[in-house]
Amino acid sequence: MWSGTFTARQSLFVFIAFFFVFFTTLLYNYLSWNRGVISSGKDSDCEFRWHGKFVTDPKMKGGSCFCSRDHYCICSPSLAIDSIIEFSDENTPKVVLVFRRDPPRSLYAIPGGFVQVGETVEAATIREVKEETNLTISHMEQFAMYSDPDRDPRRHTASMVFRCRVASLADLKNGDDAKAVKVFPLKDALSLPLAFDHKKILTDYTRKYHPDLLPSST
């Protein structure tokens, strides 16, 4: 029965409970601060969601968003790479394409993917080509950057496209995220069902390096 006064044991219990709540709150805020985002009871103090859609303007594409420790929020396109792996067989230029397993599915695509934090675009290209085709790049050079907000239906993505060479196709095989990996004559690749803006990329590439493969009006 409540006596209206605290015993020593009750006072100790209240003190321990208060200390526990205070300590866990302090620890949570500290860990949140070190993650760069402090929770405000919603998703975060950022007005955008990580790799999600803009909540303030539903017409805009999502991107990569981050709030720093001083609550400065920045959102930018996700950085990616694409690799045009070309080799010639009997003077016929050919390229390596993957048949996608992930969305957008059942389309051919230039091997590529997202750049990881702390990784250069060159290192990302070598890694993605190895993961998707099991090939080792022997030479690469930058071809062009593609950054149209509508080029990728998932989010705003800016991709650095590389022209790549490999010493051999002997180890060619598809990785876990591709149903298949195949070699096509460059001219035939242009008529395949291609993901994203890869038809434009291959057309631009052909126009620069193999213009004779394109109709004069292209």
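The values are calculated or read from the model by the stated rules, or taken from the named source; none is laboratory data. Bear in mind the structure is a predicted one, so any value in this text is a computation, not a measurement. SASA here: full protein model, heavy atoms, side chains in, ligands and nucleic acids out. Shrake-Rupley method; radii C 1.70, N 1.55, O 1.52, S 1.80 Å.
Rolling a 1.4 angstrom probe over the stretch 80-218 with all protein chains present gives an accessible area of which 49% lies on carbon and sulfur atoms.
Evaluated at q = 0.11, 0.12, 0.17, 0.23 Å⁻¹, the base-10 log of the normalised Debye intensity for the stretch 143-218, with identical point scatterers placed on the Cα atoms, takes the values -0.36, -0.43, -0.86, -1.32. Expressed to the nearest 5 percent, the antiparallel share of DSSP beta bridges inside the stretch 76-218 is 75 percent. Is the stretch 82-217 best put as rounded, prolate or oblate by its Cα gyration tensor, with a ≥ b ≥ c the root eigenvalues, rounded for a/c under 1.5, and otherwise prolate when a/b is larger than b/c, oblate when not? Cα axes put the stretch 82-217 in the rounded bin. Per-residue extension of 0.36 nm, minus the Cα-Cα distance of Arg127 and Asp89, leaves a gain of 11.2 nm for this segment. In angstrom, the C-alpha Rg and Dmax of the stretch 86-140 are 12.8, 41.
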